[in-house]
Protein chains: 2
Amino acid sequence: MIHAAARVQAAGGVRSLAFDASTPLQLANGEMLAPLTIAFETYGALNADRTNAVLVCHALTTDQFVAGPNPVTGRPAWWPRIVGPGRPIDTNRFFVICANVLGGSMGTTSPATPARDGQPYGLRFPPLTIADMVRAQSMLVEALGIQSLFLVIGAGMGGMQALNWASAYPKRVFSCVTIASAARQSAQNIALSELGRQAVMADPDWRGGAYYSHGVRPAKGLAVARVATQVASFSEANVRARLGAAHQRERFAFNADYSTGATSSFIERFDANSYLYLSRAMDGFDLAGDFGGRLANAFQGGSTRHCVFAFTSDWRFPPSESRALARALIAAGADAGFVEIESENGHDSYLGEEPQFEAALTGFIDANASARGLSLNGGV
Amino acid sequence: MIHAAARVQAAGGVRSLAFDASTPLQLANGEMLAPLTIAFETYGALNADRTNAVLVCHALTTDQFVAGPNPVTGRPAWWPRIVGPGRPIDTNRFFVICANVLGGSMGTTSPATPARDGQPYGLRFPPLTIADMVRAQSMLVEALGIQSLFLVIGAGMGGMQALNWASAYPKRVFSCVTIASAARQSAQNIALSELGRQAVMADPDWRGGAYYSHGVRPAKGLAVARVATQVASFSEANVRARLGAAHQRERFAFNADYSTGATSSFIERFDANSYLYLSRAMDGFDLAGDFGGRLANAFQGGSTRHCVFAFTSDWRFPPSESRALARALIAAGADAGFVEIESENGHDSYLGEEPQFEAALTGFIDANASARGLSLNGGV
């Protein structure tokens, strides 16, 4: 089932598929990346017809451990409300794949990976696009012997990948869910991510990206960048509670933990150069731009069923952009729903308790499972 | 005309009014600040009746040199389209005062000022509020012998001060113009300014705010903070032109000048601790909160004439907040206009060429000058 040039390996609890130099990844900028390793997790079982596979595309700051604990960091699954036994993406029913994104920090080939000279790529790593990430995932899905995915789903950067999947491989994507995302990175998001990148690069420990051998990582710059990724996830009440408290303190201090208490863990598990490469890939995403400026052209002729979710308080990926996406999908003749959820929790609402979101997602998935002839227990 | 306890002094081209310890500034946190120096500029001449004075409150990153070159930095006036001979705030007609804000970087008492022990205050400087800034300006205006200002005007942080003026001293403000501002700092803005502060404090050259004697300033952190102040001033086209170019470069590099080309000048002229104190003062601004949660109460009984301006592309101070402000003013029985300007240039639109903005501002000022009985040449 696994492609001849690839082999599954495991190290430190991270499972991955390694492609040797005979199967390079063709990048959008023309370069070839080889060898290539894709770290991934799976949950549930593939059915006999191989029709029940779900690909979860993770967001900028998460990883492949969508439904189980991360053995490297000890952190719990990041999306247990959505993926798991009896959850909307029911692992008793579906075979769920989640791969660490190309350029990511949890085992997939990235700037931290040794290049041919044995030293980490650092800034020698080629620039990435969302399409490159999707092409790498496609190699993994193919190697796993899956012709067509029942569902591709993602939020934020993961939503961009899901859209790129539906556009690039319409026959291989039965249904597609895009959450708190957009078909093009907004100028506002570009400005904010450049802000985060400048913070990383301003840290003297960044050393032009060649910090790996120095034993000190650009932790302070990355902590600031982390805040940049979170600003849209603070609710009004949230910001006032957390930063209001800071207002009472007379002294100013560097204290990136003010935000979630999880920032220090982020800094340990996330590579600063990955932040640079992934955020820039998001900034370059413009699906309409790739199709003559008309977004509907990106989906013309496809039969993928779409559902687009947005949260009212998400100002980095506002409902207006999701609405425009749904409009373009319908203009392309696609079967596309749009669901706007009232929520106070900003961009990260999809990670929390949002009963309306879960109900609509479950309805969409169940209807499509019926349409594809998948029974409730995962058989045909 | 100048208060007995104050004297005008000049150094390095910066003019200021120094209040000795007998005239302390009472701060909102209960502390007294003395001695106090307020650096200021004036343009035009005060008329015999002292009825033609205009106070311009500057924004976070500007200074008192609103209509003439800054002798310290050599930079030109920052608002020449609005303040000057024949401009909407006509210096042939009005006596224009602009003071460096309390805590600022251009001569007014701030964290960089020596405390009683001869060492710069640094983080020993007391926390500031917008009301504290206004109280300091009020001391200056009084010392200049002006009972009532014809107009108080400001954008961003300056708009907050203008509102605070109209609320705290309604009889001393004939008219008030609030531009691209809000009666309360939004959660989004608080998060962004905390991001800028974290960037400053992450810079090892910041040294807990005690960098003055080291001869090295936290320039990289401040450069990142500067970007945080600018993110809402980039237009869509602007971001794509500037950061799109960055996308083409293969290498990542710390290059805060990507933004305006003026960032390095900003870093030279602006003190990093001032950024911390001023941005936090903005974060704490909540005029309704000071009046039992009802914004209209802040203006009840006043006779100040208001005009509130907003720009459609300003996502840090969006028109919705200005609209709410205008609504509250009208609910308070105030004479209040609201002008929303279509603009592509974000928060900084008020600095650029915006004919509709200039026309409406001129109309508002001229009508009020007539109402106050000011003739076109500034007489009564």
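Some points to look at:
- Test: A:L36 is closer than 13 Å to A:M133 by Cα, more than 17 Å from the chain's Cα centre (by Cα) and surrounded by fewer than 22 Cβ atoms within 10 Å (Cβ to Cβ): no
- Counted residues, segment A:336-357 - those being part of a helix (DSSP H, G or I) and over 19 Å from the mean Cα position of the chain (by Cα): 2
- Candidate set from segment A:189-203 (those that are more than 7 Å from every other protein chain (Cβ to nearest Cβ) and under 17 Å from B:Q188 (Cα atoms)); member that is surrounded by the most Cβ atoms within 10 Å (Cβ to Cβ): A:G196
- Of all residues in segment B:304-316 being out of contact with any Leu (no Cβ under 8 Å at 6 or more places or on another chain) and at pLDDT 95 or above, the one that is farthest from B:A359 (Cα to Cα): B:T304
- From the list A:E194, A:E142, the lone residue that is within 26 Å of A:A219 (Cα to Cα) and acidic (D, E) is A:E194.
- Residue match in segment B:168-184 (condition: more than 14 Å from A:V227 (Cβ to Cβ), part of a helix (DSSP H, G or I) and either of a type in the set (G, A, S) or within 14 Å of chain A (Cβ to nearest Cβ) (or both)): yes
- Residue check, B:I179 surrounded by fewer than 23 Cβ atoms within 10 Å (Cβ to Cβ), of a type in the set (V, I, T) and in contact (Cβ under 8 Å) with a residue 40 or more places away in the chain: no
- Where A:W165 falls short, out of the listed (1) within 30 Å of A:P114 (Cα to Cα); (2) surrounded by fewer than 19 Cβ atoms within 10 Å (Cβ to Cβ); (3) in contact with a helix residue (DSSP H, G or I) (Cβ under 8 Å, 6 or more places away or on another chain): (2)
- Check on A:G209, on the phi > 0 side of the Ramachandran plot, within 13 Å of chain B (Cβ to nearest Cβ) and not aromatic (F, W, Y): yes
- Candidate set from segment B:236-260 (those that are modelled with pLDDT of 60 or more and at the interface with another protein chain (Cβ under 7 Å from one of its Cβ atoms)); member that is surrounded by the fewest Cβ atoms within 10 Å (Cβ to Cβ): B:R251
- Matching residues in segment A:80-102 - criterion: being part of a strand (DSSP E or B) and touching a strand residue (DSSP E or B) at 6+ places or on another chain (Cβ under 6 Å): A:V83, A:I89, A:F95, A:V96, A:I97, A:C98, A:A99
- Segment A:1-25, subset over 19 Å from A:G104 (Cβ atoms) and polar (S, T, N, Q), residue surrounded by the fewest Cβ atoms within 10 Å (Cβ to Cβ): A:S22
- For B:G118, the stated conditions hold: it is in a loop (DSSP other than H, G, I, E, B) and of a type in the set (G, A, S).
The values are calculated or read from the model by the stated rules, or taken from the named source; none is laboratory data. Not measured: the values here are computed from a predicted model. For neighbour counting, all protein chains shown are included, and Cβ atoms are generated from backbone atoms with ideal geometry for every residue, glycine included.
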